[in-house]
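Have a look at the structure below, then the notes.
Readers should treat all values here as calculations from the given coordinates under stated rules, not as data from a laboratory. Predicted model, so just to flag it, every value in this text is computed and none were measured. Note: ideal-geometry Cβ built from the backbone for every residue, glycine included; neighbour counts use all protein chains shown.
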Amino acid sequence: MNLHEYQGKEILNSFGVEIQRGIVATTPKEAVEAAKKLTETTGTGWHVIKAQVHAGGRGKGGGVKLAKNLQEVETIAGNIIGMDLVTPQTSAEGKRVHQVLVTEDVYYPGDSEPEEYYMSVLLNRSTGRNMIMYSTEGGMDIETVAEETPHLIFTEEVDPAVGLLGFQARRVAFNLGLSGKAFKEMTKFVTALYKAYNESDSSLFEINPVLKTSDDRIIAVDAKVSIDDNALFRHKDYMEMRDKREENPVEVEAQEKGLNYVDLDGNVGCMVNGAGLAMATMDLIKQAGGEPANFLDVGGTANAERVEAAFKLILKDPNVKAILVNIFGGIVRCDRVAQGIIDAYKNMGTINVPIIVRLQGTNADVAKKMIDDSGLDVQSAIEFQEAADKVKAVLA
Ligand code: GDP
Ligand code: MN
């Protein structure tokens, strides 16, 4: 589950990470009130208005703007709220902005120049450890830094059983070229950030930029946070942070129906039971010259109701040119699944794309005969290759 910047900052703050303070607003009036309040509590003169959408690169898309007085706060908030923000990480249509975060300005002038760093904590799957990735090159695309100046990216691997050790936190501060107060502040920052990542069961905490202010404070200016869905049951308060408006509506619907659905770009819809078979089926579709339109695991109980729900989800995608149903009848018998498909098909009236059904396992032959005798526009197959050939034929 991805979070908004303001929610990520709330979590950071609860673990003692210093953040750029802000207040969420959904109207220009609220933004002005928020700005006044921030001036009272933080003493800030200027404010930053930041679009809250699940996408990075907002600054580049015009979704992060500096306001130098309350009039500007109102105007800028008015412009950003309701806009479809296009960033390098959104589609061409962009993402609708429902709310902004009004923040204090932390780039104030002082004894030294403010400096921006990059820092993230994530799981390194190849080593089975957590990893802190950081760089002196903050504020810009980390992908660009990785491509052009990879030597400016450092990593610190953390054994999850031991946790982040003091010398590791100091090494981070050292590699970032810090000394004195900023060095101490950075070790505190990294330590608290790692704790936040670990104890919130997150899979990603990305802070870009981490700011060294002109008076040597270390502050999280941005926060991109992903919480592991499988651990959400342990965090009821985080669960409430889910913003369904930011998620793919078809995926949200699938989730509500208990189906495991991921939207993809291709033209062949697939309905499969079991994640492994679903992956193999996607490979099969590719080999047949198609591209999977989705990943869909209907789970163990492929009854008429679930099959119909799954068909409906797949057909919401206008790119779907064919549907491949690939079900292994191990626990659920193939004839039961075949009946489910026939019932669902009849319930739905006409389906305008060719359907290829491959049923394998218990009573596969009975199931194939049921499909063939149903009089519906559904092609059956028992072997994997047979199914692939039929997909190929309908795409040709
Ligand atoms: P992103 O573009 O979605 O990554 O949004 P960020 O939260 O990282 O903000 C984008 C940029 O806005 C930052 O890299 C900063 O350069 C700038 N910015 C953020 N906060 C402040 C601030 O308090 N004062 C000033 N002057 N600039 C800021
Ligand atoms: Mn950022």
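Computed on the chain, with alpha-carbon pairs under 8 angstrom and 6+ residues apart, the relative contact order is 12 percent. Taking other C-beta atoms within 10 Å as the exposure proxy, Asp373, Asp343 rank Asp373, Asp343 from fewest upward. Mean silhouette area of the chain, derived from the convex hull of its C-alpha atoms and averaged over all directions, reads 22.7 nm². Near the amide H of Gly138, within less than 5 Å, lie the amide hydrogens of Glu116, Tyr117, Tyr118, all on another chain or at least 5 residues away, with H placed in the peptide plane.
Given the range 54-148, what whole percent of its Cα pairs are spread farther than 21 Å? Here the tail beyond 21 Å accounts for 52 percent of pairs.
Taking a 32 Å limit on the Cα-Cα distance, which of the listed pairs Lys224/Lys321; Lys95/Lys236; Lys95/Lys181 fall beyond it?
Working: Lys224/Lys321 36 Å; Lys95/Lys236 27 Å; Lys95/Lys181 40 Å.
Pairs exceeding 32 Å: Lys224/Lys321; Lys95/Lys181.
Karplus-derived 3J(HN,Hα) values for the range 247-261, using 6.51 cos²θ - 1.76 cosθ + 1.60 with θ = phi - 60°, are 9, 4, x, 5, 5, 5, 4, 4, 4, 5, 8, x, 9, 8, 10 Hz; glycine and proline are entered as x.
Rounded to the nearest 10 degrees, the inclination of helix 180-199 to the longest alpha-carbon principal axis of the chain is 30 degrees.
Sort Val210, Val64 so the one with the fewest other Cβ atoms within 10 Å of its own Cβ comes first. Kindly include the intermediate steps, with their values, before the conclusion.
Values: Val210 27, Val64 22.
Going from least to most buried by this count: Val64, Val210.
Considering only DSSP beta bridges with both partners in the chain, what is the antiparallel share in %, to the nearest 5? Could the numbers behind the result be given before it?
Numbers: 47 of 66 bridges.
Percentage antiparallel, nearest 5: 70.
Summed over qualifying helices (DSSP H, 4 residues or more, each -39500 (n - 2.57)) and divided by its residue number, the chain shows a 222 nm mean residue ellipticity of -11500 deg cm²/dmol.
Express in nm, to one decimal, how much length is gained between Thr75 and Asn347 on full extension, taking 0.36 nm for each residue of separation and deducting their alpha carbon distance. Could you put the intermediate results ahead of the total?
Numbers: separation 272, 0.36 × 272 = 97.92 nm, distance 5.26 nm.
Between Thr75 and Asn347, full extension yields an extra 92.7 nm.
Listed from fewest to most Cβ neighbours within 10 Å, the set Arg358, Arg217 follows the order Arg217, Arg358.
Counting only alpha carbon atoms, the long axis of helix 5-14 and the longest principal axis of the chain meet at about 60°. What is the angle, in °, between the Cα long axis of helix 334-348 and the longest principal axis of the Cα atoms in the chain? Nearest 10 is fine, range 0 to 90. Tilt of helix 334-348: around 80 degrees. Summarising the amide proton neighbourhood of Leu264: residues at separation of 5 or more, or on other chains, whose placed amide H is nearer than 5 Å comprise Asn294, Phe295.
Multiplying each eigenvalue of the alpha-carbon gyration tensor of the range 197-343 by 5 and taking the square root yields semi-axes of 39, 18, 14 Å, largest first, rounded to whole angstroms.
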